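For reference, the structure is listed below as structure tokens.
The values are calculated or read from the model by the stated rules, or taken from the named source; none is laboratory data. Since the structure is predicted, the reported quantities are computational estimates derived from the model, not experimental observations. Cβ sites come from the backbone with ideal geometry, for glycine too, and all protein chains shown count toward neighbours. For the accessible areas, the whole protein counts, side chains as well, though only heavy atoms, and no ligand, DNA or RNA atoms are used. Shrake-Rupley method; radii C 1.70, N 1.55, O 1.52, S 1.80 Å.
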Amino acid sequence: MSDYRDVTPNQQQDSTQNAKEVVKYIVDYLRHPIHKIKVIPDWNWTTLIITLVAVSMISGVISGIVPPNFFRIMSGIIVSPLVAVVTGFIGSMFVYYYFQVFEKRTCSLRKIFTLILFADIPFFIFQTGSELIPPITLVGFAFTSLLMAVGLTENFQMEKRRALRLVTILFAIVFVLWLWNRIDASRL
């Protein structure tokens, strides 16, 4: 005797419940980022990647709408999520191997990726105004850096001084890349 029950409605309910949980957490995070970054959620990879893609896509589309430009909106839909996922994984791998080499311990890559995802949200928010005021990108990344430092100390018990040093180095790299990009853009 075989069981041929349809499991689709339960999967749809689970997906809907999961989406509601993600939205609720992000809204709470936007209200209290310092408090929420101290205790990051334990979500699966699928939820994390879909959340990152959605947040980066929303940011990219809004950034294309601020001065209306069809190509920037399409770039926000296609390019922004790809760039966000790639940079999220590169940043996660950087921190993951930092822990292995300098801290002499192994931390969960998924937990590191979760931290980077939530620390990046202020960057995505400020990125929406970068076409009007280019240095606002650096303000967003400064908030991201501060949240990363708090998250590293609270979630991974990293020494505060080392966490600040690490995010300062990352901020300096981003600043140099941003400055180089601005100089190249002004030449064109």
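Straightening the chain between V83 and V66 buys 4.1 nm, computed as 0.36 nm per residue apart minus the Cα-Cα spacing.
How about the stretch 80-188: which GluC sites (Glu not before Pro) there lie in a loop by DSSP and see at most 13 other Cβ atoms within 10 Å?
Details: sites: E103, E131, E154, E159; in loops: E103, E131, E159.
Filter output for the stretch 80-188: E159.
What a 1.4 Å probe finds exposed on the chain is 66% carbon and sulfur by accessible area, rounded to a whole percent. Dividing the summed helix terms, -39500 (n - 2.57) for each DSSP H run of n ≥ 4, by the number of residues in the chain produces a 222 nm estimate of -28000 deg cm²/dmol to the nearest 500.
Ranked by the mean number of other Cβ atoms within 10 Å per residue, highest first, peptides 38-48, 113-123, 73-83 order as 113-123, 73-83, 38-48. For the pair R182 and R110, a Förster radius of 35 Å applied to the C-beta separation gives a FRET efficiency near 0.50, rounded to the nearest 0.05.
Across the chain, the mean sequence separation of Cα contacts (distance under 8 Å, 6 or more residues apart), normalised by length, yields a relative contact order of 19 percent.
Within a straight-line Cα-Cα reach of under 16 Å, K111 can be paired with the following lysines, leaving aside sequence neighbours fewer than 8 residues apart in one chain: K36, K38.
If you take the Cα centroid of the stretch 64-114 and the Cα centroid of the stretch 40-56, the two points sit 11 Å apart.
For the stretch 54-188, with every protein chain kept in place, what is the accessible area per residue (1.4 Å probe, Å²)?
I get 56 Å² per residue for the stretch 54-188.
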